[in-house]
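A.B. asks: Here it is, the structure in full.
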Amino acid sequence: MDTQEQEQLVALERHGWESLTNGHAREFYDDVLADEAVMVFPFGVMERDDAIDGMAESRRWQDYELEDVTVHDLGEGLAVVAYRVRARRVEEPPFEAMLASTYVRSSEGWRMMLHQQSPSAVRALSGS
């Protein structure tokens with residue numbers, strides 16, 4: 001996988017977060033999620049359409065920061081983008097988690113097949 005492809009994948013993750021801040025989550029994720037996509041959140045597993053509805057209807061993030069972003073080439077047009085996110089919504093405690101998104105290259109470009117979130121260890125251990 002070349003540097004340009006890695007940058008495209010990181011840009012997709014950033015665009016996803018931006019869509020969650022600007023109210024365009026439905027449009028973005030309808031385009032980027034593969035038909036068979038699965039999203040694994042701390043509260044449960046969601047298939048594509050339910051996940052899109054949930055993201056589109058949730059409160060917008062006020063701001064976010066991605067840290068320690070890495071791209072892992074799995075070969076055969078598969079890649080994982082892994083990172084830590086720190087995000088905030090108005091009148092809610094900060095959200096900190098470790099995320100991983102698995103992408104597959106298709107004729108239409110990169111499509112997300114699996115997204116997984118885990119609360120950061122510090123927050124999980126402290127209970128905050």
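A.B. asks: Consider A37 carefully, then state whether it is in contact (Cβ under 8 Å) with a residue 12 or more places away in the chain, under 24 Å from Q6 (Cα atoms) and either under 16 Å from the mean Cα position of the chain (by Cα) or not in a strand (DSSP E or B) (or both). Steps first, please.
C.D. replies: Numbers: in contact (Cβ under 8 Å) with a residue 12 or more places away in the chain: yes; under 24 Å from Q6 (Cα atoms): yes; either under 16 Å from the mean Cα position of the chain (by Cα) or not in a strand (DSSP E or B) (or both): yes.
It is true that A37 is in contact (Cβ under 8 Å) with a residue 12 or more places away in the chain, under 24 Å from Q6 (Cα atoms) and either under 16 Å from the mean Cα position of the chain (by Cα) or not in a strand (DSSP E or B) (or both).
A.B. asks: Suppose the filter is modelled with pLDDT of 95 or more, under 18 Å from Q4 (Cα atoms) and either touching a Leu at 6+ places or on another chain (Cβ under 9 Å) or among the hydroxyl-bearing types (S, T, Y) (or both); does M112 pass it? Explain how you work it out, then say what you get.
C.D. replies: Working: modelled with pLDDT of 95 or more: yes; under 18 Å from Q4 (Cα atoms): yes; either touching a Leu at 6+ places or on another chain (Cβ under 9 Å) or among the hydroxyl-bearing types (S, T, Y) (or both): yes.
So M112 passes the test.
A.B. asks: Restricting to the range 65-88, name every residue that is of a type in the set (S, T, Y) and crowded, with 17+ Cβ neighbours inside 10 Å. Explain how you work it out, then say what you get.
C.D. replies: Of all residues in the range 65-88, those of a type in the set (S, T, Y) come to 70, 83.
Selection gives Y83 alone.
A.B. asks: Determine, yes or no, whether E36 is at pLDDT below 95 and exposed (fewer than 12 other Cβ atoms within 10 Å of the Cβ). Lay out the reasoning, then the answer.
C.D. replies: Details: at pLDDT below 95: no; exposed (fewer than 12 other Cβ atoms within 10 Å of the Cβ): yes.
Criteria not met by E36.
A.B. asks: Run M1 past the list (1) touching a Lys or Arg at 6+ places or on another chain (Cβ under 9 Å); (2) within 14 Å of W110 (Cα to Cα); (3) at pLDDT below 95 and report the number of the one that doesn't hold.
C.D. replies: Going through the list (1) touching a Lys or Arg at 6+ places or on another chain (Cβ under 9 Å); (2) within 14 Å of W110 (Cα to Cα); (3) at pLDDT below 95, M1 breaks only (1).
A.B. asks: Regarding L99, is this residue modelled with pLDDT of 95 or more, open to solvent by less than 30 Å² (accessible area, probe 1.4 Å), under 23 Å from Q6 (Cα atoms) and touching a Lys or Arg at 6+ places or on another chain (Cβ under 8 Å)?
C.D. replies: On the way: modelled with pLDDT of 95 or more: yes; open to solvent by less than 30 Å² (accessible area, probe 1.4 Å): yes; under 23 Å from Q6 (Cα atoms): yes; touching a Lys or Arg at 6+ places or on another chain (Cβ under 8 Å): yes.
Yes; evaluated as a whole, the condition is true for this residue.
A.B. asks: Now for a separate question. Only one of (1) of a type in the set (A, V, I, L, M); (2) without any contact (Cβ under 8 Å) to a residue 24 or more places away in the chain; (3) within 19 Å of V85 (Cα to Cα) fails for M46. Which number is that?
C.D. replies: The single condition M46 does not satisfy is (3).
The values are calculated or read from the model by the stated rules, or taken from the named source; none is laboratory data. This structure is a prediction, so every number in the text was calculated from the model and none was measured. In this analysis, Cβ positions are derived from the backbone assuming ideal geometry, glycine residues included, and neighbour counts consider all displayed protein chains. Areas reflect the complete protein model, heavy atoms only, side chains present, ligands, DNA and RNA absent. Shrake-Rupley method; radii C 1.70, N 1.55, O 1.52, S 1.80 Å.
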